[in-house]
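Comments concern the structure below.
The values are calculated or read from the model by the stated rules, or taken from the named source; none is laboratory data. All values reported here derive from a predicted model rather than from experimental measurement. In this analysis, Cβ positions are derived from the backbone assuming ideal geometry, glycine residues included, and neighbour counts consider all displayed protein chains.
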Amino acid sequence: MSSNDYDPAVEGAETDFARKMSYSDYLQLDALLGAQHPISDAHDEMLFIIQHQTSELWMRLAIHELRAARHAIAREEVSPAMKMLARVSRIFEQLNNAWDVLRTMTPSEYTHFRSRLGQSSGLQSYQYRLIEYLLGNRNGAMLKPHAHDSEVTALLKTELATPSLYDEVLRLADRKGLTMPATVLSRDVHETHHFDQGVMQAWRRVYEAPEANWTLYELAEKLVDFEDYFRRWRFNHVTTVERVIGFKRGTGGTGGVSYLKRMLEVELFPELWRVRTVL
C-alpha cells in the first residue's frame, strides 16, 4: 500500500472481524451467493437464476409488508398501513425494472438451457401465490402445483381462510360509516371478491367528497397505486416471455403468453377502478 492510499482504519473504521460479526456474517452472504447452481454450461443461465432468485427476495419483503398492512388496517392504524403499501409499490417498481435485465437475453441464448429446466416454472412460485391470495385473488385450483409440499400447502390454506387485504379495507370502510353490503362483508373469504355495485357506490361517496372522507380516499388511492405497479409487472412479464420464447408453451405446461395475457384481466380492487367511470 502506498503512502497515498486511503486507510479507513485511520478514521476509526473496524477492520478486524476475527471475533466480530461482519457485513458478510450478518447478511449470510456465503449461503446467499452460494445458492446459484446452473445445470448447463450456458453463459446466460446465471442471469436467469439470479433474476428469479432476486424476484423471490423482493416478494418475500412484499409479503412481509402486505401482512403488516393488513394487520394495521384491521386495528384501524391506517397511516402506518399506507406507508407499508407505498413501500410495496416501490418493491414492484424494482420487480418491473428487473424485467429489463432479463430482456437482454435473446431467444437463441435461452434455447441453450431451456430444455434443462424440466417442468419448473414461475407458475409454481408459492410466494407469488401467497401475494395473490393476500390481495384477494383466491383461486383454490392454484393450490395444486404445491400439493407435494405439505408445509407450503398449509401456509396457503391458512391464508385462504384469512380475510384478504381488500376485505379488511372494506370492513374498515364499513366501520367508518361507509355502509358496505352485508353480503360482501359476510362472504366466504376463501373465495375471490368480485365486482359489487353496492361497494362501488360506497366508494363513489368517498370520491365525490374526498375532503369529508380523506383517510379512506387516501387509502383507496394507495391501493390503486399498488395495483397499477402490479399490473405493469404482469404486462412486463407477458412482454418478456413473448420476446424470448414467442408463443411456445411454458415449461410448466401453461399456454405461456396466452396464460399470462389472461392474468392481465384480473382485477384486485375492481370497484376502485370502475368508480372512476361514474364520477
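Summary table
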{"read-out": "Residue in region 35-45 that is without any contact (Cβ under 8 Å) to a residue 12 or more places away in the chain, closer than 30 Å to E109 by Cβ and not in a loop (DSSP other than H, G, I, E, B) present", "value": "no"}
{"read-out": "Pairs, first among the aromatic types (F, W, Y) in region 118-131, second surrounded by 17 or more Cβ atoms within 10 Å (Cβ to Cβ), C-beta under 6 Å, six or more apart", "value": "Y126/H146; Y126/V152"}
{"read-out": "Subset of region 48-101 (residues that are among the hydroxyl-bearing types (S, T, Y), under 17 Å from N236 (Cβ atoms) and loosely packed, with under 15 Cβ neighbours inside 10 Å)", "value": "T54"}
{"read-out": "Yes/no for G177 being touching a Phe, Trp or Tyr at 6+ places or on another chain (Cβ under 7 Å), on the phi > 0 side of the Ramachandran plot and either free of Cβ contacts under 8 Å to residues at least 12 places away in the same chain or buried (at least 16 other Cβ atoms within 10 Å of the Cβ) (or both)", "value": "no"}
{"read-out": "Region 243-271, residues that are under 19 Å from the mean Cα position of the chain (by Cα) and modelled with pLDDT of 75 or more", "value": "L260, K261, R262, M263, L264, E265, V266, E267, L268, F269, P270"}
{"read-out": "Lone qualifier among L102, L130 - being out of contact with any Pro (no Cβ under 8 Å at 6 or more places or on another chain) and over 21 Å from F48 (Cα atoms)", "value": "L130"}
{"read-out": "Exclusive hit being within 18 Å of A81 (Cβ to Cβ), modelled with pLDDT of 95 or more and in contact with an Asp or Glu (Cβ under 7 Å, 6 or more places away or on another chain), set W214, W203", "value": "W203"}
{"read-out": "Any hit, region 24-34, residues being more than 30 Å from Y229 (Cβ to Cβ), assigned to a loop (DSSP other than H, G, I, E, B) and not basic (K, R)", "value": "yes"}
{"read-out": "Number of the exception - A72 against (1) free of Cβ contacts under 8 Å to residues at least 40 places away in the same chain; (2) over 25 Å from L156 (Cα atoms)", "value": "(2)"}
{"read-out": "Those residues of region 132-171 which are over 16 Å from H64 (Cα atoms) and free of Cβ contacts under 8 Å to residues at least 12 places away in the same chain, in sequence order", "value": "A141, K144, A147, H148, S150, E151, T153, A154"}
{"read-out": "Breaking point among (1) of a type outside the set (V, I, T); (2) under 30 Å from V169 (Cα atoms); (3) not in a loop (DSSP other than H, G, I, E, B), for E76", "value": "(3)"}
{"read-out": "The one condition in (1) touching a helix residue (DSSP H, G or I) at 6+ places or on another chain (Cβ under 6 Å); (2) basic (K, R); (3) farther than 22 Å from H64 by Cα that R232 fails to fulfil", "value": "(3)"}
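Yes or no, residue by residue, for (1) under 27 Å from M59 (Cβ atoms); (2) touching a helix residue (DSSP H, G or I) at 6+ places or on another chain (Cβ under 8 Å):
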{"site": "D188", "(1), (2)": "yes, no"}
{"site": "V206", "(1), (2)": "no, yes"}
{"site": "A209", "(1), (2)": "no, no"}
{"site": "N213", "(1), (2)": "no, yes"}
{"site": "L219", "(1), (2)": "yes, yes"}
{"site": "V244", "(1), (2)": "yes, yes"}
